[in-house]
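Q: Below is one structure. I have some questions about it.
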Amino acid sequence: MAKKKILLMSDDLRMHSGVATVSKDIVFETLHQYDWVQMGGAIKHPEAGKVIDMSEHLQKDFGIKDGYLRIYPVDGYGNEDLLRDVIAMEKPDAILHYTDPRFWIWFYNMEAEIRRDIPIFYYNIWDDLPDPQYNTNYYKSSDLLMGISKQTYGINKRLLPDYEDWQITYVPHGISERRFNKVEDDNVSLIDFDSKHGIANKKFKILYSNRNIRRKQPGDVLLAYKYFMDGLTPEQREECVLVFHCSPVDDNGTDLPRVHKHLCPEYDVCFTYETDGRPFGDNDMNLLFNSADVYINLASNEGFGLGSAEALTVGTPIIVNVTGGLQDQCGFKKDGELLTPEDYVELGSNHKGTHTEHGEWVFPVYPTNRSLQGSPMTPYIFDDRCQPEDAALQLEKLYDLGREERKRLGSLGTEFCKENLMTSKAMGQEFISSMDGAFDNWKPKPKYTMEAVWNAQ
């Protein structure tokens with residue numbers, strides 16, 4: 001039987017964004033089951049208008065002989081005419097959409113046209129409460145909703161209570177063990193990496209690997225580092241460094257070198273972002289996460305938090321703000337049992353610490369302030385802010401544990417990810433299960449519907 005073909009609409013999987021990385025893993029882990037076409041988006045895409053056949057690449061680099069992957073690069077996220085052309089040429093059996101729906105309003109305006117012939121699947125990344133009623137029409141335009149986190153699953157269930165079980169599923173991000181794996185401390189490449197970046201003599205390396213934007217709170221991370229360092233002796237301070245893997249200056253964030261200069265210039269901070277003018281490749285990223293003693297993410301909104309899951313995959317413990325998909329990585333329990341997606345339908349969020357039992361690999365920081373933010377396109381969403389002082393206390397706990405104990409805790413996190421769908425292989429299997437279920441149950445949307453609005457009698 002011929003494979004079904006799926007058209008993926010997301011960031012070009014060859015790019016370096018989080019959406020692109022996950023898109024690549026979704027495709028590569030399911031190529032044995034489906035053929036794939038992608039409308040690959042990027043701002044001012046350098047290959048817009050071309051058609052990229054990846055078949056040779058698949059065979060050469062991954063040993064996949066019968067894989068079908070074709071990419072149509074587009075500026076931004078494309079348009080109606082291009083989509084119609086791609087559908088006509090490729091004849092996909094379904095469309096999978098992945099990222100914020102507001103980037104694709106033109107696409108949702110076409111949903112009635114599309115769903116007469118093929119289903120629409122949506123990988124929902126929504127990251128906080130209150131339930132976004134203003135997104136409901138986007139969600140209703142999809143035949144299958146896969147939630148990136150247990151919290152997102154709960155949102156989908158509450159907003160679409162009439163959807164059947166096969167239409168709402170839980171599919172967390174999974175990290176590729178091909179790219180991220182444990183490297184021992186005496187590994188020559190790891191030693192060279194630390195030396196190259198001037199951190200070889202550091203015994204406590206704190207890693208931040210997120211974009212330098214406001215909601216990721218890099219300034220609060222730096223402030224937490226200052227409070228932590230203030231409590232150490234001069235000799236202990238010499239052992240510590242905060243590693244920022246992000247653009248040091250970002251128009252949507254801040255000027256981190258200047259913040260460091262004015263806030264705590266006497267404390268070591270290292271910036272790693274490029275090697276010889278190029279973004280880090282997979283090998284350097286793996287070494288970066290293996291080098292760290294702790295990973296920190298204090299984001300006030302977070303759909304999933306790829307970096308924290310990548311850290312756990314290599315055995316590095318994490319400090320995270322309890323919000324969005326980061327909750328899944330905390331391993332919160334109720335009466336000794338792991339919270340399920342169904343638990344989150346009622347719970348909504350665990351930001352208040354309703355359930356405090358969690359995995360040993362995580363040192364959670366609970367938000368102390370929840371403010372309502374908004375914009376014309378996103379009228380309301382909670383902003384969950386934690387205190388840098390609380391994060392500093394967690395840094396102190398991890399520092400006092402020593403490296404061997406930190407490694408032990410990190411290894412527990414690695415096992416947790418393997419056992420709870422947070423590997424790329426598990427993510428691929430869940431995508432197959434969800435989409436096959438949709439293919440089995442989907443019915444074309446009628447061209448017209450008729451409703452009685454007036455009775456002459």
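What follows draws every value from the coordinates through simple rules; no lab data is involved. In this text, all values refer to a predicted model and were calculated from it rather than measured experimentally. Reconstructed Cβ throughout: ideal geometry from the backbone, glycine too, with neighbour counts over all protein chains shown.
Q: Once the piece of chain linking N201 and E342 is laid out straight, how much longer is it, given 0.36 nm per residue of separation minus the C-alpha distance between them?
A: Gain on extension, N201 to E342, equals 46.1 nm.
Q: Further question: Return the whole-Å distance between the Cα centroid of region 274-323 and the Cα centroid of region 1-28.
A: Here the answer is 22 Å between Cα centres.
Q: For q values of 0.07, 0.09, 0.16, 0.17 Å⁻¹, compute log₁₀ I(q)/I(0) with the Debye formula on a Cα-only model of region 188-419, without solvent.
A: Here log10 of I(q) over I(0) equals -0.22, -0.36, -1.17, -1.32.
Q: Using all alpha carbons of region 357-450, what is the percent of pairwise distances in each 10 Å bin, ordered from the shortest bin to the longest?
A: Computed distribution, short to long bins: 12, 20, 23, 27, 11, 5, 1.
Q: Could you give each residue of region 299-312 its phi-based ³J(HN,Hα) in whole Hz, using Karplus coefficients 6.51, -1.76, 1.60 with θ = phi - 60°, and x for Gly or Pro?
A: Ordered by residue, 3J(HN,Hα) equals 4, 8, 9, 7, x, 9, x, 4, x, 5, 5, 5, 4, 4 Hz.
Q: Helix 424-441 versus the longest principal axis of the chain: what angle, 0 to 90°, nearest 10, using Cα atoms?
A: Roughly 20 degrees between the two axes.
Q: For region 70-125, taking Cα atoms only, what is the radius of gyration to one decimal and the Dmax to the nearest whole Å?
A: 10.9, 29
Q: Same structure, new question: For the chain, treating each Cα as an identical point scatterer without solvent, what Debye log10 I(q)/I(0) comes out at q = 0.09 1/Å?
A: -0.61
Q: Sort 181-187, 108-114 by packing, meaning the average of other beta carbons within 10 Å per residue, with the highest value first.
A: Those peptides, ordered most packed to least, come out 108-114, 181-187.
Q: Give me the distance in nm between label points sitting 7 Å out from Cα along the Cα-to-Cβ direction at D250 and K140, one decimal.
A: My value for the distance between the label points is 3.5 nm.
Q: Now for a different question. Expressed in nm to one decimal, what extension gain is obtained for the pair D282 and A88 from 0.36 nm per residue of sequence separation less their Cα-Cα distance?
A: My answer for the length gained is 66.3 nm.
Q: In whole Hz, what ³J(HN,Hα) sequence does region 65-81 give by Karplus (6.51, -1.76, 1.60; θ = phi - 60°), x for Gly and Pro?
A: For region 65-81, the Karplus curve yields 8, 10, x, 10, 9, 10, 10, 10, x, 9, 6, x, 10, x, 7, 4, 5 Hz.
Q: Region 295-343: percent of C-alpha pairs farther apart than 18 Å?
A: 31 percent
Q: Oh, and also: Can you list the HN-Hα couplings for region 326-334, worked out from phi with the Karplus curve (6.51, -1.76, 1.60; θ = phi - 60°), rounded to whole Hz and with x for Gly and Pro?
A: Per-residue couplings from phi come out as 4, 4, 4, 6, 6, x, 5, 10, 10 Hz.
Q: Ok, one more. Pop the C-beta distance of E274 and S433 into the FRET formula with R0 = 41 Å and round what comes out to the nearest 0.05.
A: 0.60
Q: While we're looking at this one, here's another question. Take every Cα-Cα distance within region 1-103, group them into 5 Å bins from 0 onward, and report for each bin the whole-number percent of pairs it holds.
A: 2, 13, 25, 27, 20, 10, 2, 0
Q: So if the hydrodynamic radius of region 187-286 is defined as the Kirkwood radius over C-alpha pairs, what does Stokes-Einstein give as its diffusion coefficient at 10 °C and 1.306 mPa s, in µm² per second?
A: In µm²/s, the coefficient rounds to 111.
Q: Provide the FRET efficiency to the nearest 0.05 for the E238-M377 pair, computing r from the beta carbons and using R0 = 35 Å.
A: Once rounded, the FRET efficiency stands at 0.15.
Q: Next question. Divide by every residue of the chain the summed helix terms, -39500 (n - 2.57) for each DSSP H run of at least 4, and state the resulting mean residue ellipticity at 222 nm, rounded to the nearest 500 deg cm²/dmol.
A: -10500 deg cm²/dmol
Q: Skipping prolines and chain starts, which residues have an amide H placed within reach, meaning under 5 Å, of the one on T423, given they are 5 or more residues away or on another chain?
A: I175
Q: Could you give the size of the charge dipole of the chain about its Cα centre, using +1 on the Cβ of each K and R and -1 on the Cβ of each D and E, expressed in debye and rounded to the nearest 20?
A: So the magnitude is around 660 debye.
Q: Pairs of Cα atoms under 8 Å, at least six residues apart: use those to get the relative contact order of the chain, whole percent.
A: Reported as a whole number, the value is 17 percent.
Q: Let me ask something additional. For F204, F332, what's the fewest-to-most ordering of other Cβ within 10 Å of each Cβ?
A: Arranged by neighbour count, lowest to highest, F204, F332 become F204, F332.
Q: Straight-line reach only, C-alpha to C-alpha below 30 angstrom: list the lysines that K226 could link to, leaving out same-chain residues fewer than 8 apart.
A: Partners within reach: K182, K196, K202, K203, K205, K216, K261, K352, K397, K407.
Q: So, one more: How would you order 154-161, 62-69, 358-365 from highest to lowest mean count of nearby Cβ atoms within 10 Å?
A: Top to bottom by mean Cβ count within 10 Å: 358-365, 154-161, 62-69.
Q: Residues in region 247-288 near a label at K44, defined as backbone nitrogen under 17 Å from the 7 Å Cα→Cβ point?
A: Counting only backbone N, you get 251-252.
Q: Here's something else I'd like to know. Once label points are set 7 Å from the Cα along Cα→Cβ at both E184 and K397, what is their separation, rounded to one decimal in nm?
A: Going from the E184 label point to the K397 one covers 3.1 nm.
Q: If you don't mind, there's one more thing I want to ask. What is the dipole size for region 188-419, taken about its Cα centre, with +1 at each Lys and Arg Cβ and -1 at each Asp and Glu Cβ, in debye to the nearest 20?
A: In total the dipole reaches around 400 debye.
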